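Please read the structure below before turning to the comments.
The values are calculated or read from the model by the stated rules, or taken from the named source; none is laboratory data. The model shown is predicted, which means the values in this text are computed figures rather than measured ones. Here the Cβ is made from the backbone with ideal geometry for all residues, glycine too, and neighbour counts use every protein chain on show. In case anyone asks, the SASA skips ligands and DNA or RNA and just uses the protein heavy atoms, side chains included. Shrake-Rupley method; radii C 1.70, N 1.55, O 1.52, S 1.80 Å.
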Amino acid sequence: MNIFNYFRQSFIKYPHNTALVVDGSQYTYEKINEYSGAFSEAVKQMGDRSPFIGLFAHRSVTAYSGILGILQSGKGYVPLNPKFPHSRNKLILNLSQINTLILGKEVQSEAIPFLNEISRPLNVIIDFAKEEVSPELLSNKNLNFFFINKEKISNTVEGESTHAYLLFTSGSTGLPKGVPISHNNVCSYINYMFERYQVIPSEKFSQTFDLTFDLSVHDMFLCWCSGAALYCVPEKSLMGPAKFIIDNKLTYWFSVPSVGMFMNRFKMLRPNSFPSLKVSLFCGEPLPAVVAESWQNAASNSIVENIYGPTETTIGISHYRYNATTPDVNKTLNEIISIGKIFSSQQYKIVDEFDKEVMQDEVGELCLAGEQVTSNYLNNIEATKKGFVRFNDSENLWYKTGDLVVQDSEGDLFFKSRKDFQVKILGHRVELEEINLCIKSIISENTVISLPYPVQDGIAQGVYSFVLSDTANKEQEIIDQCKQRLPDYMVPKRIIFLKELPLNDNKKIDLKKLEKLIPTSNGR
Amino acid sequence: MEDEIKSRIINKLKSRIELLGISINEIDENESLTQTGVLDSFSFLEFMNDLEAEFNIEFDFSQLDPSEFTSIISLYTLIKNLKK
């Protein structure tokens, strides 16, 4: 089923319900259905054969109705992000081979630099007046503008192409990997979650995640499949959303644990601060027990759950419900809450390095299969071969997560560590090697090592990079250049130059000793 | 007294943004540090941490929206009231 139909069915049942609150304005299902129809019609007029359409818009009605319109037209959407450096947006545009882009009025100035570097024709769909388009964009000969006619609205829902969206994650080869997710993948997730929470039309959902983060798909589609209202949290309130939750009486919350940690730090999690909340979910990085407990106290009428799931397995695939009445019985490992059980609708195995299943309490790699799990990376045979495998005894295609976990006697899982050098920064997957390669390409040094630092309550706050070098004077220049190429959460906070690296007994670089070399007098 | 608080805020900001290659002279004290892109939301919160240590105070945002205190002037007013 085309996931647009989740929205469409709610529109038919509840046309006058609020579907979206963004930028201080409210939009009914009827209104958003109209906007979506106008985008869908525009996409169809393009006659574009590519299965994907790009979307460059940020926390605006254009962003949300654009996504719906793309899906309604039968295509999949590829979100770009105005907070990314323009070289990365250009890279995503090229890797996904899209020919058509919906452009929001609010991000025109961020669009100019990378659209000016595109050397092929691109259709740009605009939902505002021609007079308001930046002259710099209008004079770009590669861009073919299409101005939406709000009278021309498509009502039909096209048969969907396979994929609903395409997202990019950090890749250890230096190039981001495209993860295509099908309509079936998303339906499997949404149906499971809808069944679990029994969402009713009067709910008010938070929308904190950027559209380049797949957890935003949960916000949009679990909300819209239920006839509920989606509240887009403005960028400026993201850092401390307490007031936003209270003022809007939100009932469903979903964010990375970092947000909860900062809110706790700044005393926004006073007992019973958020009586309106019924369901609070955290995903994207380890959930510290202290954050779960503080949130539970602040949202005393809410269930609190820790969700785990790689992008490849669609949004989330395991959950752990926090026990509010007796916090002491909650399962933790190193003060981090368990990631719980894999959804009963999906399959999992925990295997050793020879792909043999491990025993209970033994550490192994988590492998996942089922309707939520995608089957490949976009145009990347090598990464696909490595990540998606068939074990001898099974017909299933298994995604090897690279996450090392242990399982207790009740089937609850605990995240131990990564098999490789991937870390999570503010919920984003970061391959440290991608940062190392970026720095190596800026300076002519061969040895660069990046570490997540500082780590507070098990959550990494940023990255520090070490360079083996005799000279130590280009820190700022390197950081500036990294900013031009990497999303800000990947940019090292400091570059530390060392004349020699600390080694352990096996003559390998000793990461623990390396971390101790970080000067502590800075910053605080 | 007033000028002292403000110059201590500016000094703390200075050491943080110099790391980012931004000169303090480029900062307008009435403009939001987050909206002008000088600090992102998380480095802004780190900056608040710096200020708490500097003035030996604790911000309480259970009733306040931190996004309303993102300019030097608004931070100055907030800190001045806390120091009273």
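Pairs linking a residue in region A:447-462 that is assigned by TED's automatic domain parsing to the domain that holds A:K483 to a residue that is among the charged types (D, E, K, R) and assigned to a strand (DSSP E or B), with Cβ atoms under 7 Å and 6 or more positions apart or on different chains, are A:A460/A:K424. Within region A:241-263, if we keep just the residues that are part of a strand (DSSP E or B) and hydroxyl-bearing (S, T, Y), the residue that is surrounded by the most Cβ atoms within 10 Å (Cβ to Cβ) turns out to be A:Y252.
Residues of region A:495-510 that are outside any strand (DSSP E or B) and among the aliphatic types (A, V, I, L, M): A:L501 alone. The residues of region B:62-84 that are within 11 Å of chain A (Cβ to nearest Cβ), modelled with pLDDT of 80 or more and not in a helix (DSSP H, G or I), listed by number, are B:F69, B:T70. Among residues of region B:35-57 being at pLDDT below 85 and assigned to a loop (DSSP other than H, G, I, E, B), the one that is least open to solvent (accessible area, probe 1.4 Å) is B:L39. Checking A:S154, A:S170 one by one, the residue that is hydroxyl-bearing (S, T, Y), under 17 Å from A:K75 (Cβ atoms), in contact (Cβ under 8 Å) with a residue 12 or more places away in the chain and open to solvent by less than 40 Å² (accessible area, probe 1.4 Å) is A:S154 and no other. Counting only residues that are buried (at least 19 other Cβ atoms within 10 Å of the Cβ) and outside any helix (DSSP H, G or I), which one in region A:478-494 is farthest from the other protein chains (Cβ to nearest Cβ)? Across region A:478-494, the extreme among qualifying residues is A:L486.
The residues in region A:430-477 that are under 20 Å from B:E46 (Cβ atoms), within 14 Å of chain B (Cβ to nearest Cβ) and open to solvent by 10 Å² or more (accessible area, probe 1.4 Å) can be counted, and the count is 8. Screening A:Q346, A:Q360 for residues that are open to solvent by 90 Å² or more (accessible area, probe 1.4 Å), over 28 Å from A:V455 (Cα atoms) and touching a residue at least 24 places away in the same chain (Cβ under 8 Å) leaves exactly one candidate, A:Q360.
Only one of A:L413, A:L426, A:L404 is closer than 19 Å to A:K483 by Cα and among the hydrophobic types (A, V, I, L, M, F, W, C). Can you tell me which? Exactly one residue qualifies, and that residue is A:L426. With respect to A:I102, is the statement that it is in the same structural domain as A:A38 (by TED's automatic domain parsing), crowded, with 22+ Cβ neighbours inside 10 Å and within 23 Å of A:C438 (Cα to Cα) true? So A:I102 does not fit the description; no.
Cβ-Cβ below 7 Å, separation at least six or inter-chain, first residue in region B:51-64 and of a type in the set (D, E), second open to solvent by less than 20 Å² (accessible area, probe 1.4 Å): which pairs? What qualifies is B:E52/B:F59; B:E58/B:E52. Among all residues of region A:324-334, there is none that is outside any helix (DSSP H, G or I), surrounded by fewer than 20 Cβ atoms within 10 Å (Cβ to Cβ), acidic (D, E) and without any contact (Cβ under 8 Å) to a residue 24 or more places away in the chain. Residue count for region A:63-99 under the criterion of being assigned to a helix (DSSP H, G or I) and open to solvent by less than 10 Å² (accessible area, probe 1.4 Å): the result is 13.
For every residue, the table says whether it meets (1) at pLDDT 95 or above; (2) farther than 19 Å from A:F7 by Cβ; (3) of a type in the set (K, R).
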position	(1), (2), (3)
A:H58	yes, yes, no
A:S65	yes, no, no
A:Y77	yes, no, no
A:P85	no, yes, no
A:N94	no, yes, no
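Filter region A:223-236 for residues that are at the interface with chain B (Cβ under 10 Å from one of its Cβ atoms) and either open to solvent by less than 10 Å² (accessible area, probe 1.4 Å) or in a loop (DSSP other than H, G, I, E, B) (or both) and give the result. Across region A:223-236, the qualifying residue is only A:P234.
When you check A:R59 against the structure, is it in a loop (DSSP other than H, G, I, E, B) and closer than 22 Å to A:P234 by Cβ, yes or no? So A:R59 fits the description; yes. Against the test of being in contact (Cβ under 8 Å) with a residue 60 or more places away in the chain, among the acidic types (D, E) and assigned to a loop (DSSP other than H, G, I, E, B), the options A:E371, A:E312 yield a single qualifying residue, A:E371. Scan region A:30-56 for residues that are part of a helix (DSSP H, G or I) and of a type in the set (F, W, Y) and the total you get is 2. In region A:279-297, the condition of being within 11 Å of chain B (Cβ to nearest Cβ) and either more than 27 Å from A:P201 (Cβ to Cβ) or touching a residue at least 24 places away in the same chain (Cβ under 8 Å) (or both) is met by no residue. Pairs meeting the criteria (first residue in region A:244-259 and in the same structural domain as A:G427 (by TED's automatic domain parsing) and free of Cβ contacts under 8 Å to residues at least 60 places away in the same chain, second residue crowded, with 24+ Cβ neighbours inside 10 Å and of a type in the set (D, E, K, R), beta carbons under 8 Å, at least 6 apart or on different chains) are lacking. Would you call A:V78 farther than 20 Å from A:N379 by Cβ and touching a residue at least 40 places away in the same chain (Cβ under 8 Å)? No; evaluated as a whole, the condition is false for this residue.
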